[in-house]
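Undergrad: So that we are looking at the same thing, I have put the structure below in structure tokens.
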Amino acid sequence: YGADGKKYVDFLGGAGVGNLGWGVKEIEDAIRNSDRPSYVYPNFYYKPWTELAELLAELAPGKLQKSYRMTGGSEAVEAALEMATMFTGRKKILSVEGSYHGNTMGALSIGASKKQK
């Protein structure tokens, strides 16, 4: 709820909400006291992410020129699947049976055999 009492639905909270809750004072205080923003949407510019991307580009083999910031592992797997199929034009993905890649539809479809269907 906003300061004016208007109700909002937050679709950007991600897995942190399910694990830790939203608006937990102790967590917000700890973040606030660490000179970091309480939340930065992945598509927004945030200098430490740029610095991390530059460091990863230096450490990675080859000539890494682009990196994509994701909010979690499942989302990263989804993006990797999309990029791989778009880049290669292939329609199938090879994975290890029984492996775990995340909890989203795409990640589940290439991993844990019991949840594949």
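Undergrad: Sorted by accessible area with a 1.4 angstrom probe, largest first, how do M83, M70, M105 fall? Write down the numbers at each step before the final one.
TA: Values: M83 75, M70 50, M105 165 Å².
Putting M83, M70, M105 in descending order of accessible area: M105, M83, M70.
Undergrad: What nm distance separates the two modelled labels at I27 and T85, each placed 7 Å from Cα along Cα→Cβ?
TA: Using points 7 Å along Cα→Cβ, the separation is 3.2 nm.
Undergrad: Leaving ligands and nucleic acids out of the surface, order L64, L108 by accessible area at 1.4 Å, largest first.
TA: Details: L64 75, L108 35 Å².
Descending order: L64, L108.
Undergrad: Moving on to the next point. Quick one: which residues, 5 or more positions from N103 or on another chain, have an amide H under 5 Å from its amide H? H modelled 1.01 Å from N in the peptide plane, none for Pro or chain starts.
TA: S74
Undergrad: Separation between the L52 and K66 pseudo-spin-labels, each 7 Å from Cα along Cα→Cβ, expressed in nm?
TA: Placing both labels 7 Å along Cα→Cβ, they lie 2.0 nm apart.
The values are calculated or read from the model by the stated rules, or taken from the named source; none is laboratory data. Here the structure is a predicted model, which means the values were calculated and not measured. Please note: Cβ atoms are built from the backbone with ideal geometry, for glycine as well, and neighbour counts cover all protein chains shown. Areas reflect the complete protein model, heavy atoms only, side chains present, ligands, DNA and RNA absent. Shrake-Rupley method; radii C 1.70, N 1.55, O 1.52, S 1.80 Å.
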